[in-house]
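Colleague: The structure under discussion is supplied below as structure tokens; questions concerning it will follow.
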Amino acid sequence: MAIERALEPHSAADRILRSFGIFVGLGYVAYLVLSLPAIDAQTSIMATWWTPLALVTSFGPGIMLLFIIFRRGAVLVPRLATLCGLGYLIAIGTWPIAWNGVPVDSHLGIWLCSFPGLSSLAAAAAWRARWVFAHLLVVTVAAQIANHAARDPKSPLLPELVNGLGFSAVVVGAAVMAIRTGRVMDETRAETFAAAASAAAVEARGVERERFDALIHDGVMATLLSAGNEGVNSLLRRQSRSTLAQLDRLRVGEVSSQMFDVAGTLAHLRLAATDVDQTIRIRTSVEPGAETIAIPADVARAMGAGLAEAVRNSLRHAGTRAERAISVAVSDIALHVVVADNGVGFDPAAVPPHRLGLAVSIRGRMRQLPGGSATIESRPDVGTRVQLSWIGAE
């Protein structure tokens with residue numbers, strides 16, 4: 001009956017279950033305090049073993065939620081929720097056996113009758129909806145029948161039964177929908193990120209196809225034209241060997257492991273930026289001695305794509321009066337790119353999870369690079385600064 005769910009910290013389902021656990025735990029504490037007079041008054045008409053058992057099974061798991069939720073988060077909420085549902089069933093199921101037949105105060109009623117819906121509400125965190133409502137029906141009917149049997153003079157059973165079921169069903173139904181909404185949000189987010197990753201793979205294949213087309217044009221076609229126009233010579237032989245080597249690397253999948261020199265990297269980054277905004281200012285600096293280092297092609301392409309996305313975001317959101325600039329710094333072990341603007345800015349913590357420009361196209365892309373990272377700083381009315389960094393192995 002219970003559903004075990006692996007909760008990702010800070011997911012929508014996790015946040016909802018945290019709030020739900022606190023709400024339910026406080027409800028159990030409140031009902032315990034309110035029920036103390038009735039519990040004390042009715043202990044004498046019950047078997048000596050029943051009251052301690054009923055207190056532990058009906059209130060224990062719910063109150064434990066308050067202690068567990070702050071130490072372990074929402075991980076144990078489903079298990080304690082299951083104990084809440086089963087614990088109340090044990091208490092109300094053993095009540096007829098323990099009752100000695102002496103009527104209770106007609107105004108108080110049996111103390112278990114005051115919160116059957118709370119146990120079903122707790123069970124909503126662990127069980128499927130059909131089992132939650134089945135539990136609500138069973139515990140409410142059992143509690144009202146026990147209460148009707150114990151009160152003297154007896155009040156009408158049907159109105160109290162309908163009233164108890166109607167009120168509890170609304171609250172339990174809302175809880176079921178809230179928890180289900182959290183799971184749907186997480187599933188939708190996961191699917192969205194998977195789709196974004198798939199789109200990124202398609203884009204990468206498109207880039208490789210463009211590189212292959214360029215190789216065919218600049219290498220194969222140029223070699224064939226030279227052979228037709230000039231005949232075989234030493235230059236043609238070198239060009240042919242170079243083209244064949246590039247084709248072999250492309251065939252065996254070594255293209256992604258090629259290296260860019262500093263000039264090629266800067267040209268690639270400049271092209272990525274100006275493809276988005278031809279007027280953007282770009283400042284470059286290369287530390288002495290770093291002119292000859294080699295930068296992995298994957299790093300140059302990833303930083304170029306992240307740089308382009310940052311410029312696109314600035315154009316879309318910084319405002320029409322915003323000015324933007326790019327700075328690129330190269331050292332012997334690192335490459336840093338900063339995209340800055342003086343636009344309207346924003347609060348990075350308030351960006352919804354479904355907005356993938358920052359999460360996937362910038363942060364996610366840089367996280368996939370060994371030694372890569374992305375930092376986004378922004379404040380409303382101040383501007384935005386995006387820094388992409390790669391630190392190579394020394």
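The values are calculated or read from the model by the stated rules, or taken from the named source; none is laboratory data. Note that the structure is a prediction, hence the values are computed from the model and not measured. Cβ: placed from backbone, ideal geometry, glycine included. Neighbour counts: every protein chain shown.
Colleague: Could you look through the stretch 46-69, keep only residues that are of a type in the set (Val, Ile, Thr) and assigned to a helix (DSSP H, G or I), and pick out the one that is modelled with the lowest pLDDT? Step through it out loud before you land on a result.
Modeller: Residues of the stretch 46-69 of a type in the set (Val, Ile, Thr): 48, 51, 56-57, 63, 68-69.
After this cut, where a residue has to be assigned to a helix (DSSP H, G or I) as well, the list is 51, 56-57, 63, 68-69.
Numbers: THR51: 93, VAL56: 94, THR57: 93, ILE63: 88, ILE68: 80, ILE69: 74.
The selected residue is ILE69.
Colleague: Hey, does the stretch 336-347 have a residue that's modelled with pLDDT under 85, in a loop (DSSP other than H, G, I, E, B) and among the β-branched types (Val, Ile, Thr)?
Modeller: The answer is no, given that none of the residues of the stretch 336-347 is modelled with pLDDT under 85, in a loop (DSSP other than H, G, I, E, B) and among the β-branched types (Val, Ile, Thr).
Colleague: For GLN368, work out the one condition from (1) modelled with pLDDT under 85; (2) over 29 Å from the mean Cα position of the chain (by Cα); (3) closer than 14 Å to LEU388 by Cβ; (4) surrounded by fewer than 19 Cβ atoms within 10 Å (Cβ to Cβ) it doesn't fulfil.
Modeller: Among (1) modelled with pLDDT under 85; (2) over 29 Å from the mean Cα position of the chain (by Cα); (3) closer than 14 Å to LEU388 by Cβ; (4) surrounded by fewer than 19 Cβ atoms within 10 Å (Cβ to Cβ), the lone unmet condition for GLN368 is (2).
Colleague: Okay, next question. Residue pairs, Cβ under 7 Å, 6 or more apart or interchain, first in the stretch 82-110 and free of Cβ contacts under 8 Å to residues at least 40 places away in the same chain, second of a type in the set (Asp, Glu). List them.
Modeller: Pairs found: none.
Colleague: If you don't mind, another one. One residue is enough: does the stretch 93-109 have a residue meeting the conditions closer than 21 Å to VAL29 by Cα and either at pLDDT 85 or above or within 25 Å of the chain's Cα centre (by Cα) (or both)?
Modeller: We begin by selecting, within the stretch 93-109, every residue closer than 21 Å to VAL29 by Cα; these are 108-109.
With the extra rule that they be either at pLDDT 85 or above or within 25 Å of the chain's Cα centre (by Cα) (or both), the set shrinks to none.
Scanning the stretch 93-109 turns up no residue that is closer than 21 Å to VAL29 by Cα and either at pLDDT 85 or above or within 25 Å of the chain's Cα centre (by Cα) (or both).
Colleague: Could you tell me how many of the residues in the stretch 265-286 are assigned to a helix (DSSP H, G or I) and exposed (fewer than 15 other Cβ atoms within 10 Å of the Cβ)? Before you say what the answer is, go through the steps one by one.
Modeller: Start the filter on the stretch 265-286 by keeping residues that are assigned to a helix (DSSP H, G or I), which leaves 265-276.
Restricting the remaining residues to those that are exposed (fewer than 15 other Cβ atoms within 10 Å of the Cβ) gives 267, 271, 275.
Number of matching residues: 3.
Colleague: Taking the conditions exactly as written (surrounded by fewer than 16 Cβ atoms within 10 Å (Cβ to Cβ) and either outside the structural domain of ILE45 (by TED's automatic domain parsing) or in contact with a strand residue (DSSP E or B) (Cβ under 7 Å, 6 or more places away or on another chain) (or both)), does PRO96 satisfy them or not?
Modeller: No; evaluated as a whole, the condition is false for this residue.
Colleague: Then there is this: Quick check, is ILE69 of a type in the set (Val, Ile, Thr) and closer than 24 Å to ASN147 by Cα? Let's see the steps before the verdict.
Modeller: Values: of a type in the set (Val, Ile, Thr): yes; closer than 24 Å to ASN147 by Cα: no.
Here the answer is no, as ILE69 does not meet what is asked.
Colleague: With LEU266, LEU225, LEU215 as the choices, which residue is among the hydrophobic types (A, V, I, L, M, F, W, C) and at pLDDT 60 or above?
Modeller: On the way: LEU225 fails: at pLDDT 60 or above; LEU215 fails: at pLDDT 60 or above.
Going through LEU266, LEU225, LEU215 in turn, the sole match is LEU266.
Colleague: Scan the stretch 114-133 for residues that are assigned to a helix (DSSP H, G or I) and closer than 19 Å to VAL24 by Cβ and report the count.
Modeller: Going through the stretch 114-133, the residues assigned to a helix (DSSP H, G or I) turn out to be 114, 116-123, 129-133.
Narrowing further to those that are closer than 19 Å to VAL24 by Cβ: 114, 116-123, 129, 131-133.
Qualifying residue count, the stretch 114-133: 13.
Colleague: Right, something else. I need the full set of residues from the stretch 275-295 which are within 19 Å of LEU335 (Cα to Cα), of a type in the set (Ser, Thr, Tyr) and within 38 Å of the chain's Cα centre (by Cα), in order please.
Modeller: Let us first name the residues in the stretch 275-295 that are within 19 Å of LEU335 (Cα to Cα), namely 281-295.
Now drop any that are not of a type in the set (Ser, Thr, Tyr), which leaves 284-285, 292.
Scanning the stretch 275-295 gives a single hit, THR284.
Colleague: Okay, next question. Residues in the stretch 318-335: is at least one acidic (Asp, Glu) and crowded, with 19+ Cβ neighbours inside 10 Å?
Modeller: Kept after step one, since they are acidic (Asp, Glu), are these residues of the stretch 318-335: 323, 332.
Going one step further and asking which of them are crowded, with 19+ Cβ neighbours inside 10 Å, we end up with none.
No.
Colleague: If we scan the stretch 70-84, do we find a residue that is assigned to a loop (DSSP other than H, G, I, E, B) and buried (at least 22 other Cβ atoms within 10 Å of the Cβ)?
Modeller: Our first condition is that a residue be assigned to a loop (DSSP other than H, G, I, E, B); within the stretch 70-84, this holds for 73-76.
Add one more test, that the residue is buried (at least 22 other Cβ atoms within 10 Å of the Cβ), and what stays is 74.
Yes, the stretch 70-84 contains a residue that is assigned to a loop (DSSP other than H, G, I, E, B) and buried (at least 22 other Cβ atoms within 10 Å of the Cβ).
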